[in-house]
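Working notes for the structure below.
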Amino acid sequence: MSVTRVDKDPNALTMTITAAFDAPVGAVWQMWENPRRLERWWGPPTYPATVVDHDLIPGGRVTYFMTGPEGDRYSGWWLVIAVDAPHRLEFEDGFADDDGNPDPDMPVTMTRVVLTEQANGGTLMAIASTFPSTEAMEQIIAMGAEEGMTLALDQIDELLRDEGGVG
């Protein structure tokens, strides 16, 4: 299991999920930078992702959809704010309609990903989501964000082994 802890701070309107990987920072960064690798883990196992657009530069957009076991689709988007490869990525994260347009009825979160090299050569990844309000935080967590992200992140170890010979 990759996820080592989940911290929810309702006062700061944040949820931070931390995961550890037995792989160098550069290999873990590729899980974000390469759209084919991203789509292999971004959705939980029963909701695989398909990345449509992937422009991982400040001002760029990433769009995707996840397909459920019954064929149901859930779309999302990122607006990339900052990239400091291979250590940091920041983006606005939102839901989209079936055409990929931002859904104005759903909250947008600010997400910050930080990859830190560990003394053992592994990588610690912290994904901090900041919500616009207490209601938005409660809504997104009630929709299963913690469980979904934990299941998604737990797929990275196998992917790193398959593609990079680590782990």
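Coordinate-derived values only; no laboratory data. This is a predicted model, so every value here is computed, not measured. Using ideal geometry, Cβ is built from the backbone for each residue, glycine included, and neighbour counts are taken over all protein chains shown.
Brief remarks on what is shown
- Global form of segment 1-40, assessed from the alpha-carbon gyration tensor, a/c cut-off 1.5: prolate
- Furthest towards positive pole of dipole, Tyr47, Pro35, Ala128, structure part segment 18-160, Cβ charges: Pro35
- Segment 3-164 - charge dipole about Cα centre, Lys and Arg +1 at Cβ, Asp and Glu -1, debye rounded to 20: 460 debye
- When +1 charges are put on Lys and Arg Cβ atoms and -1 charges on Asp and Glu Cβ atoms, the dipole computed for segment 94-167 relative to its Cα centre reaches about 440 debye.
- Three-way shape call for segment 1-116 based on the alpha-carbon gyration tensor, with the a/c threshold at 1.5: rounded
- Considering helices alone, the calculated mean residue ellipticity of the chain at 222 nm is -6500 deg cm²/dmol, with DSSP H runs of length four and up weighted by -39500 (n - 2.57) and normalised per residue.
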